[in-house]
Amino acid sequence: ARTLGAMGATLIQYTTGLVAVAALLAYVFNRIYKIGLTLIATSPTPYGARFASGILRSFSLGEDKFYCADGASEEIAAKRRAGMDALAASFNKQFPASQKASETILNGISDLRFTDTNRVPFPFQKLVREKLNVCSLALTSEGPSIIDLDGNKTLDVSGSYGVNVCGYDNYKRWISAGWERTKDLGPVLGPLHPIVGENLAMIKAVSKLDEISFHMSGTEAVMCAVRLACFNKRRKLVVCFAGAYHGWWDGVQPGPGNERAVNDVLCLKDMSPASLAAIRARASEIGCVIVNPLQGFNPNSPPPNDMVLMTASIRKAASVSTLDTYALWLKQLRAVCTECDVPLMFDEVYTGFRMAPGGAQEYYGVAADMVVYGKTLGGGLPVGVVCGKKELMRRFDPEHPLRVSYVIGTFAAHPLTMGAMNEFLRWATSPPAKETYRRIGGEFADWIETTNKMLLKEEMPFKLHNLTTVWTIIFNTPGRYHWMFQYYLRAEGIALSWVGTGRLLISLDFTKEDFANLQVKLIAAGKRMRDDGWWYLGTVEKPITAKSISATMGKEMAYHTVMKTIRDGLLAEILCLPESEGPRAPQAVAPSTMKEFYEEIMRRKHDDHKASHSNCVNQFMHLISSTIFIFNYYTIWGNCTTTMILGLFSLVLRQSGHAIFEPPCHDEEELLLGFNTRSKCFVVAGYTLAPLVTLLQLSGTVNFVQALEPVAKSWLLVTLFFVLGHTGLLWMQYGFRISMVWLVKLITDPFTDVAAYYPAAINVWTSPDWKTAGWDTFQSHLRGDPKSKGEKAH
């Protein structure tokens, strides 16, 4: 019985252990499965862009390269330069008062500095800011037009960042009417004006959801909605989709622009079955899935912006078939979220009341569990609104009184905002509004079709795409200057937002005359830009293609990133990388023929002699060292040890002549492409450390004579490092030919030094230049003093 009991206990232990191991393995495999699905579904774009943003270095193209960055000829570059100057003159003539006033404002408002900087690709920003002053000051609006300080009337297609759905005159009327209805209460906060109740009923009717929360902006409303969803579902993960913008809050911004580590956001691929599988697999962790319905316009791509319009392939727009597929995708997403009990949230800050009176829910026929509104819903005033099912809007836990979702705002439901909102909602929910949406939508679709036919007839390299009243300009030929089109449009009297031609809007107050006017201005701007050469495609022998542009851009970015990284580090000091710009930057023009190559070498030899070889004693020491170097050119092929020992002695003798007898000339040395005094100190340090490291490695295994050969080889490696390293940096900064000028000069210096300094062998014995030697001279060399200061010391 005892034996059976022991066996039973053992069996129970083994069984328990096996069950525990099996459970652990099941958990591990389940996690691996979920992580694998997530990796397949995750979009690499935001994470890759964020990684690249910390590596890529900024650079600006000078005027010599600005106009031919795509490889265009000098003739085309000159045409572009003339076009830029004419455009700048046009701006100066059109906007003098606006430009003067905007300078003061631009220097004081960081928001404007940000938008002003981000209008064009960064290599072109510096010159564009110098040439083209885009003013942002306006006095009045009339219909879809804006009048600036100079009285210019521009047709607005910016839509005030999405606010202007219905026309500025309507919003002005609604704000005035709303103020009349709420002015007796004034800015009282806390108690609600009765008009809030009317707004509540209308918003619930539009959103078809249970409860409402008022906020001050769309970004703030998104913050509230995400927090409430995660709080009430007791889950921490938020799913968004590639390219979608949900405001500047870092909680939904995994890409560039956010320095916080975002580990609770899954950014998945739009319209991907893998994303649906990942949501199913991780449903128990997901607090909400948030969708920006405007992504149907450009799936898996960020909001189009001229700042990143470096080639035509960067910007794309969905076709009608893609929009139909996107609608099907939203229905599939809705089904998966329902199946997995995951809240589906629509971010309709931009699309709400623009795509249709009922927003994207009405347009796509998909109902969300939560909807976020903003922009136009305020009737022209700042607002953010969260709508949701009752169980998702709760801000406290009835079972745990200390567990709350703290969301509140001082100016939420401000009486004036509620008044303007009420006026807007009363219009938006009326039958005439539906008719206006239908009529303008049809007219705009016809305008897009007609304009595209005219663009094709005029052989313009772009076409228009739209999603309801949102539209964009798509360039269908390669080009590196497409972003310039925004400035030609402005010159023709079209007002754009800072994202340029990427996202354009028309309002519901556009008339047929406005559409016709917009068409004329659009084509006129295109003709002017084409005539100025910005859309030049090269020749048959040397075409400008998307591939050639991408290759050039890749080389530029890689070059400047590597060079700036080197320049900021110790390697630039060690290998004496010359300054790339400013008064201390050497001037180097690459020779085009062998004769010019020879003349450039001899010119630099002459400049080198003039800068730091005037002392007779130094010339004599150079004569001796050069003679030894010439001898070494012969011995290097047979006896490395002898060569390096003699070469090191010659180098020390040579540099001693500079350091002890010549006045410092650090300022002139910097312009000669070679090593300056400070970098020569690194050379000396390298020659000193190399044998010490070698001897430590040998560590008593060989005698002194046997150690000479490995020490000599280490000296040879140090020599190659400094010579080839400096040559490589010159190659990267100035090109192959200039680097070869310096290298050939270095190799041939011993021969020309012997020819130039042999008289010193006689004159040195009676020369007064011996008296210039001193500790002060050596110290001034170490400090890197300019030549004038060193001469004064004597």
query = Looking at PRO691, HIS606, PHE736, which one has the Cα that reaches farthest to the positive end of the dipole of the range 595-754 (charges on Cβ: Lys, Arg +1; Asp, Glu -1)?
reply = PRO691
note = Note: the range 470-535, point scatterers on Cα, Debye, no solvent; log10 I/I(0) at q = 0.17, 0.19 Å⁻¹ equals -0.61, -0.76
ask   = Over what distance in Å are the Cα centres of the range 96-153 and the range 334-385 separated?
value = 33
task = Amide H neighbours of ASP210 under 5 Å, at least 5 residues apart or on other chains, H built in the peptide plane: list them.
result = GLY388, LYS389, LYS390
remark   = To the nearest 10 degrees, the tilt of helix 415-428 (Cα long axis) against the first principal axis of the alpha carbons of the chain is 70
inquiry  = Out of the total accessible area of the range 577-652 (probe 1.4 Å, heavy atoms of protein only), what percent is carbon and sulfur?
reply    = 65
Long-range HN-HN contacts of ASP156 with modeled amide H, under 5 Å = SER145, ILE146, ALA495
request  = Calculate what fraction, in whole %, of the accessible area of the range 357-511 sits on carbon and sulfur atoms when a 1.4 Å probe is rolled over the protein chains.
outcome  = 58
ask   = If THR450, THR501 are ordered by their accessible area, calculated over protein heavy atoms with a 1.4 Å probe, which sequence runs from highest to lowest?
value = THR450, THR501
remark   = Between ASP532 and residues 5 or more places away or on another chain, the pairs with built amide H atoms under 5 Å apart involve none
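Can you count the Lys pairs in the range 538-629 with C-alpha separation below 23 Å, eight or more apart or on different chains? Please report the intermediate quantities before stating the final value.
On the way: LYS542/LYS555; LYS547/LYS555; LYS555/LYS564; LYS595/LYS605; LYS595/LYS610.
Lysine pair count for the range 538-629: 5.
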task = Provide the solvent-accessible area of LYS236, counting protein heavy atoms only and rolling a 1.4 Å probe, rounded to the nearest 10 Å².
result = 140
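Over 20 Å between C-alpha atoms is what I'm after, so list which of LYS208/LYS269; LYS236/LYS375; LYS204/LYS390 land there. Write out the running numbers ahead of the final one.
Numbers: LYS208/LYS269 28 Å; LYS236/LYS375 28 Å; LYS204/LYS390 12 Å.
The answer is LYS208/LYS269; LYS236/LYS375.
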key: Radius of gyration and Dmax over the Cα atoms of the range 350-445, both given in Å   = 16.6, 56
The range 496-643, relative contact order in percent, only Cα pairs under 8 angstrom and at least six apart counted = 5
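Give me the percent relative contact order of the chain, please, defined on Cα pairs under 8 angstrom at least 6 residues apart.
For the chain, the relative contact order is 14 percent.
For a Förster distance of 56 Å, can you work out the FRET efficiency between the beta-carbons of ARG280 and GLU130, rounded to the nearest 0.05?
Values: r = 54 Å, r/R0 = 0.97.
That gives a FRET efficiency of 0.55.
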key: Rounded accessible area per residue of the range 495-576, 1.4 Å, Å²   = 46
note = For the range 1-128, the count of lysine pairs 8 or more apart or interchain whose alpha-carbon atoms are under 26 Å apart comes to 6
remark   = Taking Cα atoms only, helix 546-568 is inclined relative to the longest principal axis of the chain by an angle, in degrees rounded to 10, of 60
task = Let me know the charge dipole size of the range 416-570 about its Cα centre in debye, to the nearest 20, where only the beta-carbon of Lys, Arg (+1) and Asp, Glu (-1) is charged.
result = 400
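Given a 1.4 Å probe, how much area per residue of the range 126-243 is accessible, in Å²?
Here the residues of the range 126-243 average 44 Å² of exposed surface.
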query = Using a simple charge model, +1 on the beta-carbon of Lys and Arg, -1 on the beta-carbon of Asp and Glu, nothing else, what dipole does the range 1-115 show about its Cα centre, in debye to the nearest 20?
reply = 600
request  = Quote the accessible area belonging to MET594 in square angstrom, nearest 10, computed with a 1.4 Å probe and with ligands, DNA and RNA left uncounted.
outcome  = 150
request  = Give the angle, between 0 and 90 degrees and rounded to the nearest 10, that separates the Cα long axis of helix 218-233 from the longest principal axis of the Cα atoms of the chain.
outcome  = 70
Listed residue (VAL372, ILE747, LEU237) projecting farthest to the positive dipole end of the chain, Cβ model = LEU237
key: Residue order for CYS681, CYS166 - accessible surface, 1.4 angstrom probe, largest first   = CYS681, CYS166
ask   = Could you give me the ³J(HN,Hα) list for the range 357-368, computed from phi with Karplus coefficients 6.51, -1.76, 1.60 and θ = phi - 60°, whole Hz, x at Gly and Pro?
value = x, x, x, 5, 4, 6, 5, 8, x, 10, 9, 9
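If you average 1/r over every pair of different alpha-carbon atoms in the range 519-617 and take one over that average, what Kirkwood value in Å do you get? Provide the component values of the computation, followed by the final result.
Values: mean 1/r = 0.0528 Å⁻¹.
Computed over the range 519-617, the radius equals 18.9 Å.
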ask   = Under the rule of -39500 (n - 2.57) per DSSP H run of 4 or more residues, summed and divided by the residues of the chain, what mean residue ellipticity at 222 nm is obtained, to the nearest 500 deg cm²/dmol?
value = -18000 deg cm²/dmol
query = When all protein chains stay in place, what accessible area (Å², nearest 10, 1.4 Å probe) is found for LEU717?
reply = 120
task = Give a residue-ordered list of calculated ³J(HN,Hα) values for the range 645-652 (Karplus: 6.51 cos²θ - 1.76 cosθ + 1.60, θ = phi - 60°; whole Hz; x for Gly, Pro).
result = 5, 5, x, 5, 4, 5, 5, 4
inquiry  = Charges at C-beta only: +1 for Lys and Arg, -1 for Asp and Glu. How large is the resulting dipole of the chain about its Cα centre, in Debye rounded to 20?
reply    = 1540
query = Which values, in whole Å and largest first, are the semi-axes of the equivalent ellipsoid of the chain obtained as the square root of 5 times each eigenvalue of the Cα gyration tensor?
reply = 66, 40, 24
request  = Output ³J(HN,Hα) for the range 106-118: one whole-Hz value per residue in order, computed from phi by the Karplus curve 6.51 cos²θ - 1.76 cosθ + 1.60 with θ = phi - 60°, and x for Gly and Pro.
outcome  = 4, 6, x, 10, 5, 4, 5, 5, 5, 5, 5, 6, 9
request  = Could you point to the residue in GLY479, ASN452, THR501 farthest towards the positive end of the range 442-566's charge dipole, with +1 and -1 charges on the Cβ of Lys/Arg and Asp/Glu respectively?
outcome  = GLY479
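Per residue, how many Å² of accessible area does the range 355-492 show with a 1.4 Å probe?
Working: 5510 Å² over 138 residues.
Accessible surface, normalised per residue, equals 40 Å².
The values are calculated or read from the model by the stated rules, or taken from the named source; none is laboratory data. The structure displayed is predicted, hence computed values, not measured ones. We place every Cβ from the backbone using ideal geometry, glycine too, and count neighbours over all the protein chains shown. To get the accessible areas, we keep the full protein, side chains included, count just its heavy atoms, and leave off ligands, DNA and RNA. Shrake-Rupley method; radii C 1.70, N 1.55, O 1.52, S 1.80 Å.
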